1. Collect the residues in the range 1-48 that are out of contact with any helix residue (DSSP H, G or I) (no Cβ under 8 Å at 6 or more places or on another chain), loosely packed, with under 13 Cβ neighbours inside 10 Å and in a loop (DSSP other than H, G, I, E, B), keeping them in residue-number order.
2. If you take the residues of the range 62-99 that are outside any helix (DSSP H, G or I) and crowded, with 18+ Cβ neighbours inside 10 Å, which of them is modelled with the lowest pLDDT?
3. Taking Asp46 as the residue in question, decide whether it is under 12 Å from the mean Cα position of the chain (by Cα), modelled with pLDDT of 95 or more and among the charged types (D, E, K, R).
4. Going residue by residue through the range 49-61, is there one that turns out to be assigned to a helix (DSSP H, G or I), hydroxyl-bearing (Ser, Thr, Tyr) and closer than 20 Å to Glu94 by Cα?
Amino acid sequence: MTLDEFRQSISSGSDNTPPANLSPLLQALWHDAHGDWERAHQLAQDVDTKDGAWVHAYLHRKEGDTSNAGYWYRRASREMFTGSLDDEWTHITEALLEQ
């Protein structure tokens, strides 16, 4: 799936159900973009990998909890993103789609 296809699935998803073939982390980002931060957070916190920590960090940054976000960025072995939340969402989504 391309980034454009992923974005299209968000805008066309009327029932709050992501495409079936997405990994849990891409589902988390889908739900986040669809306005369901709680579901996104629930999915991300259940993935105990560096990528899971990265998505988790982004979600806490979006929430405004920079202290908690910093913890998760460290768990992900990444610096806290300093650009916009939209840019970070795109960066993470592209990286996960390439896997």
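The values are calculated or read from the model by the stated rules, or taken from the named source; none is laboratory data. From a predicted model like this one, the values you see are computed outputs, not experimental measurements. Please note: Cβ atoms are built from the backbone with ideal geometry, for glycine as well, and neighbour counts cover all protein chains shown.
1. Passing the criteria: Ser14, Asp15, Thr17, Ala20, Asn21, Gly35, Asp48.
2. The initial filter retains those residues of the range 62-99 that are outside any helix (DSSP H, G or I), namely 64-65, 76-84, 98-99.
Subset that is crowded, with 18+ Cβ neighbours inside 10 Å: 76, 81.
Values: Ala76: 98, Phe81: 95.
Of everything passing the filter in the range 62-99, Phe81 is modelled with the lowest pLDDT.
3. Values: under 12 Å from the mean Cα position of the chain (by Cα): no; modelled with pLDDT of 95 or more: yes; among the charged types (D, E, K, R): yes.
Answer is no for this residue.
4. Going through the range 49-61, the residues assigned to a helix (DSSP H, G or I) turn out to be 50-61.
Still in the list and also hydroxyl-bearing (Ser, Thr, Tyr): 58.
Filter once more, keeping what is closer than 20 Å to Glu94 by Cα: 58.
Checked the range 49-61: at least one residue is assigned to a helix (DSSP H, G or I), hydroxyl-bearing (Ser, Thr, Tyr) and closer than 20 Å to Glu94 by Cα.
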